[in-house]
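What follows is a single structure, written as structure tokens, with notes after it.
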Amino acid sequence: MYVSLSRLRVERERSEELVAAFRSRARLVEAFEGFVDLQVWRSDRDPGEVLMVSRWVSREHFKNYMRSAEHKRSHARIDPALQQAIALERLEHLHTYEVVAE
């Protein structure tokens, strides 16, 4: 299992707009080989902090998606004004782990 966590920052007033953009995304990632799931989390203490957490079968699958036409098309749909308002605070790549219990 490979997990990518993107810590995004927007002005509080634009938080709902960012969440709406995720909700109406093209969902091209969901058909991509190795994709497991994607969740978007918003801080209950700071609405301007939004985390995008995606899980993949492997880091290679994630890297392939990040270089793909599907990834480019997904991001091209974002309103340019919103895109400029989003600051990537941190990109965290959690090491590969084996799921050993559920």
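The values are calculated or read from the model by the stated rules, or taken from the named source; none is laboratory data. The structure displayed is predicted, hence computed values, not measured ones. Reconstructed Cβ throughout: ideal geometry from the backbone, glycine too, with neighbour counts over all protein chains shown. Surface accessibility is based on the protein's heavy atoms, side chains included, excluding ligands, DNA and RNA. Shrake-Rupley method; radii C 1.70, N 1.55, O 1.52, S 1.80 Å.
Within the stretch 21-38, the set of residues being assigned to a helix (DSSP H, G or I), open to solvent by 50 Å² or more (accessible area, probe 1.4 Å) and either over 17 Å from Met66 (Cβ atoms) or among the hydroxyl-bearing types (Ser, Thr, Tyr) (or both) comprises Arg23 only.
Would you please name the residue that is modelled with the lowest pLDDT, looking only at residues in the stretch 85-102 that are of a type in the set (Val, Ile, Thr) and surrounded by 10 or more Cβ atoms within 10 Å (Cβ to Cβ)?
Start the filter on the stretch 85-102 by keeping residues that are of a type in the set (Val, Ile, Thr), which leaves 86, 96, 99-100.
Next cut, surrounded by 10 or more Cβ atoms within 10 Å (Cβ to Cβ) only: 86, 96.
Working: Ile86: 84, Thr96: 59.
So the residue we want is Thr96.
For the structure I just gave you, tell me whether Val3 is β-branched (Val, Ile, Thr), touching a residue at least 60 places away in the same chain (Cβ under 8 Å) and in a strand (DSSP E or B). Taking the combined requirement at face value, the residue satisfies it.
Restricting to the stretch 50-74, give me the number of residues that are touching a Lys or Arg at 6+ places or on another chain (Cβ under 6 Å) and of a type outside the set (Val, Ile, Thr). Talk me through it step by step, then tell me what you get.
Keep residues of the stretch 50-74 that are touching a Lys or Arg at 6+ places or on another chain (Cβ under 6 Å), which gives 50-51.
This time we only want the ones that are of a type outside the set (Val, Ile, Thr), so: 51.
Summing the residues that are touching a Lys or Arg at 6+ places or on another chain (Cβ under 6 Å) and of a type outside the set (Val, Ile, Thr) in the stretch 50-74 gives 1.
Could you list, in sequence order, the residues of the stretch 39-84 that are assigned to a strand (DSSP E or B) and either in contact with a His (Cβ under 9 Å, 6 or more places away or on another chain) or open to solvent by 80 Å² or more (accessible area, probe 1.4 Å) (or both)? Of everything in the stretch 39-84, those that are assigned to a strand (DSSP E or B) and either in contact with a His (Cβ under 9 Å, 6 or more places away or on another chain) or open to solvent by 80 Å² or more (accessible area, probe 1.4 Å) (or both) turn out to be Gln39, Trp41, Arg42, Arg55. Could you go through the stretch 63-86 and let me know if any residue there is over 23 Å from Glu11 (Cα atoms) and touching a Gly at 6+ places or on another chain (Cβ under 8 Å). Yes, the conditions are met somewhere in the stretch 63-86.
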